[in-house]
Amino acid sequence: MAKILYRYNAATCQYEPIFLTSTQNTKRAFAFIGLSLLLALTGLWYYNARYPSLDEVKLQKENQKMKWEWEVYLDKINELSNNLNRLEATDDNQYRVLLSMTPLDQSIRTAGSGGHEPYVLGAKDQISEIKSSYEQLYRILNRLDVESQSVAELEKEINKQEKKTSTRPAMMPIDNRQLIRFNSIFGLRLHPIYKDWRNHNGLDLTAPQGTPVYATGDGIITATEWRGGYGNAIFLNHGFGFETRYGHLSRFNSSSGQHVKRGDLIGFVGSTGASTTPHLHYEVLYQGKYVNPINFMYRDLKQKEYNKIIKR
Ligand SMILES: [Zn+2]
């Protein structure tokens, strides 16, 4: 049943029924629906503004997680940088000092030579913190390049110095246990055969005929032949300015052009040339000048260590 509306009529002092036309009814219905929609939309907007959606909640959580991870990442970059600082300091202050090399110039270290350029995709839109951490990372990469080049240089120098050490004359050419007499006169002396004063350019190690004679450092044999007063002689070039000579040998156990290692058996004690009794005449030369072999004999070398060298 349709609802009847009444209106008060002051003239008749009575309530009179109102009859609406169908157009008026339709208009009212539309106005009602419009108003309801407006209210509903306002409510929805208010809800959305005040309460985040499920997607938004998920995004916020992810954002938070990324923030934490970013902080961990920055910590790691700092740790990396500190480790590199220590490595560079050890390189400059210890290794280079030990190897008598000049420390790397700081400008080389900071400038870098690796050619890593900071990542600049959409540089304008880049978040400044990310941009600066990229720059820091690339500085570290450049410094790492410099440091690895420096380590390669150190390795090269170590190899060179190792070679220098192994070639240097540094032991007795005959075993102490075979030694009968050690004549340490180096320099001017009365010659036992020529009976005049002349320079003795080496040391004489008296030992039984046939006692093994060892190379005192790595090198190349340049002569195994009769050389006047030396008799049967071996000349050994060690490089880096050093040469050793072994005289009065009974026979050779090496030949010219042969590469030898310290401790290799190269010949045997004899009494050839200007000699009266079996002994080894041993000379050391540095840059063509005779030097006292006593300084290159390491006579305090323990027998066990000596045995180890001549066993090779
Ligand atoms: Zn001599």
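The values are calculated or read from the model by the stated rules, or taken from the named source; none is laboratory data. Quantities reported herein were computed from a predicted structural model and do not represent experimental measurements. FYI the Cβ positions are ideal-geometry reconstructions off the backbone, even for glycines, and counts take in every protein chain you see.
Being farther than 12 Å from L236 by Cβ and in a loop (DSSP other than H, G, I, E, B) is the filter here; which residues of segment 256-266 pass it?
Start the filter on segment 256-266 by keeping residues that are farther than 12 Å from L236 by Cβ, which leaves 263, 265.
The one that is farther than 12 Å from L236 by Cβ and in a loop (DSSP other than H, G, I, E, B): G263.
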- Subset of segment 241-290 (residues that are under 38 Å from the mean Cα position of the chain (by Cα) and among the β-branched types (V, I, T)): T244, V260, V284
- Query: Does segment 72-92 include one or more residues that are charged (D, E, K, R) and touching a Pro at 6+ places or on another chain (Cβ under 7 Å)?
  - Reply: yes
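Somewhere in segment 200-217, is a residue without any contact (Cβ under 8 Å) to a residue 24 or more places away in the chain and within 14 Å of the ligand (Cβ to nearest atom)? Don't jump to the end; show me each part of the working.
Initially, segment 200-217 is screened for residues without any contact (Cβ under 8 Å) to a residue 24 or more places away in the chain, giving 200.
From what's left, within 14 Å of the ligand (Cβ to nearest atom): 200.
For segment 200-217, residues without any contact (Cβ under 8 Å) to a residue 24 or more places away in the chain and within 14 Å of the ligand (Cβ to nearest atom): present.
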- Please identify the pairs in which a residue from segment 83-98 that is in the same structural domain as E157 (by TED's automatic domain parsing) has its Cβ atom under 7 Å from the Cβ atom of a residue that is of a type in the set (G, A, S) and surrounded by 15 or more Cβ atoms within 10 Å (Cβ to Cβ), counting only partners at least 6 apart or on another chain. D91/S150
- Note on G239: of the conditions (1) out of contact with any helix residue (DSSP H, G or I) (no Cβ under 8 Å at 6 or more places or on another chain); (2) under 25 Å from E305 (Cβ atoms), unmet is (1)
- segment 247-271, subset crowded, with 18+ Cβ neighbours inside 10 Å and within 16 Å of the ligand (Cβ to nearest atom), residue nearest to K311 (Cα to Cα): G267
- Does segment 227-246 hold any residues that are away from the ligand (no atom under 16 Å from the Cβ) and surrounded by fewer than 17 Cβ atoms within 10 Å (Cβ to Cβ), and which are they? N237, G239, F240, G241
- Considering segment 172-197, residues that are basic (K, R) and either in contact with a Lys or Arg (Cβ under 6 Å, 6 or more places away or on another chain) or in a strand (DSSP E or B) (or both), and then whichever is nearest to the ligand (Cβ to nearest atom), we arrive at R189
